[in-house]
Structure formats: structure tokens, C-alpha cells
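The values are calculated or read from the model by the stated rules, or taken from the named source; none is laboratory data. All values derive from a computational prediction rather than experimental measurement. Note: ideal-geometry Cβ built from the backbone for every residue, glycine included; neighbour counts use all protein chains shown.
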Amino acid sequence: MDLYINGTSSISAFDSQQGLRFDNKNRFICIEPDYKLIIDPRQLRRMSRIMRMGLASAIKTLEVASVQTPQAVITATGLGCLDDTGNFLVKMCDPDNRMMNPTAFIQSIHNTMGGQIAMHLKSNCYNNTFTQDVLSFEHALLDAIMLLEAGTIESVLLGGIDELTELKHELTSRLYKAQKLCEGYFGQGEGSAFFSLSSVPSAVKLEAMILSQNSKHGDICDYISNHLALEKKTLILTGKCGDKSDEAYKSLENIFGSTATIDYKKFCGDYPTSCAFAAWLACELLQQKIIFDAIAQPKHIIIYHAYPDRPHTLIHLSGC
Amino acid sequence: MEQLIYNLKEQIIERLNLTDTKPADVDSDAPLFDEGLGLDSIDALEIIVLLQQVYGIKITNAEEGKKAMRSVKTLAEYIIEKKG
């Protein structure tokens, strides 16, 4: 079954008009809209930043796709509602605190985002959250593909979202320094990107998705080689972070040859579901909503991730 | 009493993140739930936590709590009653 992306929306540190939002701590910070224009202020008051970003991009995506109620809502998040989790845990560590505030606890779980979307849409359709660290979005996409291919539903709202908090930045920076991984590192980031998927033909087609369990990633290797032999108008988006972990890409880089390549994390920073940003960027590039002067207009975009000691992944999108 | 009512309004606004609402906008006699401020059950929990953390008052009887949380004024009266 052919699957298409009918609508997308993203909140990230990158805006084709405003450029990049980057702070003095080497962090990519989201350029956020005025949420009051998108979400009911009564709902907004209890939402943390990640929920605002997620719900706003989900609403916008459905608007773009002209889908009133999707038949499935699938969200991906590596670290979930981190700010609420941090608030809750910090208060829990206070020995004098005999009573905890309920809101942060209720909203600290990973599937808060999916639940919030369902409540906003007043929908009790299939609702699932995937949280497999850096592979969260890929697993969520796989679930969306299987649901649509089973033929029981016609549209899926799929999103990947993670937030960067002070606590996460501090802890991860310490960890990176300890592992001496930070040299050349692009920086930590955050973002939300949502997609409306269906079998209705649209501007962007989902050609393939591979989650390689093969230790030498022969399936991804063969796919890229075969594709590049036939199609020259291809752009490769890699999930490199700029640090030592990029060595995992070496095994496949010789196959890319002279194919144009972009390290997309230079635009959004490094975060577990940044692959969703890459997919959004690919959709924008294929539809010429974003044009990079140095790169010829691509007809195909391959998003490739090589994680050390984990399955490598490939997502192939094409413009119709 | 007036000062306590004002403090409660400020604390509720801050705790429940009622942005764009000022103490003067909150009617002391208006119902806190459904109508008036339109609060819900999670807000009720937040107010219970507020009473315990700020005023050291623990609501143990649900009926009593329901009566106390009818409005900001009844909440203030409840605090005065419990604090003696």
C-alpha cells in the first residue's frame, strides 16, 4: 500500500524566515508561536511547554491536512514531559514536603501528550505512545505504517516531541564531559513535529522505512546503493551530532558518493526524537517550502541514522 | 478577613496558573467550581495541597471540604475557624 504525508507542522529552533534560535549555552531553543491563538487559554494554564508545543503542532497538522479527527494518534517521545517530571522529583526530594502538587505528577508521564491531543479532539480512537529513546519516532512510524497497511483505519496523526529543560541540559552536559564526547558537538535541542499520514495521494510519499537489526546494516546498505544507482536527485539527511558518536556513520558513508548530504541536527540540535524534525524538514524541502541555495532541488530524501550499538534506521520520502 | 481573602485569591491565581486573572477579578462569593472561576477536580486537589502547605490545615472530611471550597469567602471562613 502506498502511504503519503498529507500535512505537517513543526515547532523547532529553525525557522526559514527567522533563522536559528541558539542561546549562549550552545542550546537550540524552540521558536514558539503565541499559543493563545491556537489553544483555549483555559486549557493552556495547566499545560507545560512540551504539551503546548505538541498540541499546537498537532492542531496545525490536522488543519493543513484538512483532517477533523484522525483515526489514530501516535506520539513518540524519548524523555516525555521532562519539566513536570523534574518539578515533581525535586519536590519529592524535600524531606519537609509532606504533600505533593498533583498537576506535575499527573502530567509527568510520557503519554500525557497523546492523552492531551485525544481530549482536545474529544476522540477515543487508538492512542499509543512510543518511548524507545533515540528510536522512539522510528517505532511510532512503524506502528503507523502497520496500522494503515492493515486497512482498518485511513488516517493517522503521528508526532515526535521532546523538550530541553535546565535539569536535562545540566545532567547531559556533565555526562558528555565525563565521556569526552563534547568536542565538535552541535548542541542539545528540542522540538515537536507532527504528521498526518494516509493512503490518499499527496505531495509527499513515504517510500520506505527500515529499522535494521542486522549488525552490518546490509539491508540499509543495499537499499541506498540500489536507490542511488537509479535516482541522482537525492538528498541524504544524516543524524550526525558532530561528536565522536558520528563514527557509527563511517561504515555507510562511502556508499553516499557525491550525493548531497546535510547533517540536519545543525538546524534543530540533538534530542531523542529529532528524526521527526528531519522528516518535517524533508517534507518542506520536497514541497519547495524551504530551499537551500547550495543544494539542487531533491526529488528523493533519505533520512539515515546510525546510532552506536543500536539498530540503524532509514526513512525514504519522495516528492510527488 | 479581607486581607486573608486577598491573599487566598493571589495564592489560588499563582498555584493554578490563572494567567490574565487578577485578585480584583475574582468575586469572593462566586462558586470556585463549574461556574465562577470554572475550576475542576485537579484544581480542588491543588487547593487542598495549598491549605496544608501554607496554612497547615488538613481536610479530612470530604463533605466539610466541599462546603469550605464553595467560594474564596467560605475558604477564608474555614481557615479562620480551623486556626481559631
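Across the stretch A:163-194, the number of residues qualifying as surrounded by fewer than 17 Cβ atoms within 10 Å (Cβ to Cβ) and on the phi > 0 side of the Ramachandran plot comes to 2. So which residues in the stretch A:1-13 are in contact with a helix residue (DSSP H, G or I) (Cβ under 9 Å, 6 or more places away or on another chain), closer than 30 Å to A:S199 by Cβ and modelled with pLDDT of 95 or more? Selection gives A:L3, A:I5, A:N6, A:G7, A:T8, A:S9, A:S10, A:I11, A:S12. Here A:T75 clears all of (1) within 14 Å of another protein chain (Cβ to nearest Cβ); (2) crowded, with 18+ Cβ neighbours inside 10 Å; (3) among the β-branched types (V, I, T) except the condition numbered (1).
Among the candidates A:A72, A:A150, the residue that is out of contact with any Gly (no Cβ under 8 Å at 6 or more places or on another chain), within 27 Å of A:H316 (Cβ to Cβ) and free of Cβ contacts under 8 Å to residues at least 24 places away in the same chain is uniquely A:A150. For B:K9, the conditions (1) part of a loop (DSSP other than H, G, I, E, B); (2) more than 13 Å from chain A (Cβ to nearest Cβ); (3) surrounded by 13 or more Cβ atoms within 10 Å (Cβ to Cβ) all hold with the exception of (1). Just one of the listed residues (B:D43, B:D27) is part of a loop (DSSP other than H, G, I, E, B) and out of contact with any Ser or Thr (no Cβ under 6 Å at 6 or more places or on another chain), and it is B:D27.
The residues on offer are A:I31, A:I74, A:I39, and the sole one that is touching a strand residue (DSSP E or B) at 6+ places or on another chain (Cβ under 9 Å) and in a loop (DSSP other than H, G, I, E, B) is A:I31. Quick one: is B:V49 over 23 Å from A:K36 (Cα atoms), modelled with pLDDT of 90 or more and either facing another protein chain (nearest Cβ under 10 Å) or in contact with a Leu (Cβ under 6 Å, 6 or more places away or on another chain) (or both)? Taking the combined requirement at face value, the residue satisfies it. Residues of the stretch A:94-108 that are outside any helix (DSSP H, G or I) and within 7 Å of another protein chain (Cβ to nearest Cβ): A:M99, A:N101. Scanning the stretch A:190-223 for residues that are touching a residue at least 12 places away in the same chain (Cβ under 8 Å), more than 16 Å from A:D246 (Cβ to Cβ) and not in a strand (DSSP E or B) gives A:E190, A:S199, A:V200, A:P201, A:S202, A:A203, A:Q213, A:K216, A:I220, A:C221, A:Y223. Scanning the stretch A:51-61 for any residue that is surrounded by 15 or more Cβ atoms within 10 Å (Cβ to Cβ) and over 30 Å from B:L45 (Cβ atoms) turns up at least one such residue.
Of the residues making up the stretch A:109-124, those that are within 14 Å of another protein chain (Cβ to nearest Cβ) and closer than 10 Å to A:M51 by Cβ number 3.
Among the residues of the stretch B:12-44, those identified as away from chain A (no Cβ under 13 Å) and among the acidic types (D, E) are B:D25, B:D27, B:D29, B:E35. Quick check: is even one residue across the stretch A:222-238 assigned by TED's automatic domain parsing to the domain that holds A:R310, modelled with pLDDT of 90 or more and closer than 30 Å to A:S48 by Cβ? Checked the stretch A:222-238: at least one residue is assigned by TED's automatic domain parsing to the domain that holds A:R310, modelled with pLDDT of 90 or more and closer than 30 Å to A:S48 by Cβ. Suppose the filter is at the interface with chain A (Cβ under 9 Å from one of its Cβ atoms), surrounded by fewer than 17 Cβ atoms within 10 Å (Cβ to Cβ) and more than 11 Å from the chain's Cα centre (by Cα); does B:G56 pass it? Considered against the rule, which asks whether it is at the interface with chain A (Cβ under 9 Å from one of its Cβ atoms), surrounded by fewer than 17 Cβ atoms within 10 Å (Cβ to Cβ) and more than 11 Å from the chain's Cα centre (by Cα), B:G56 comes out as no.
What is the residue count in the stretch A:78-93 for residues that are more than 30 Å from A:E149 (Cβ to Cβ) and either buried (at least 21 other Cβ atoms within 10 Å of the Cβ) or within 14 Å of chain B (Cβ to nearest Cβ) (or both)? Residues meeting the conditions: 9.
Scanning the stretch B:53-73 for residues that are in a loop (DSSP other than H, G, I, E, B) and either among the small types (G, A, S) or in contact with a strand residue (DSSP E or B) (Cβ under 9 Å, 6 or more places away or on another chain) (or both) returns B:G56, B:M69, B:R70, B:S71. Among the residues of the stretch A:133-147, those identified as touching a residue at least 12 places away in the same chain (Cβ under 8 Å) and more than 15 Å from A:G191 (Cα to Cα) are A:L135, A:E138, A:H139, A:A140, A:L141, A:L142, A:D143, A:A144, A:I145, A:L147.
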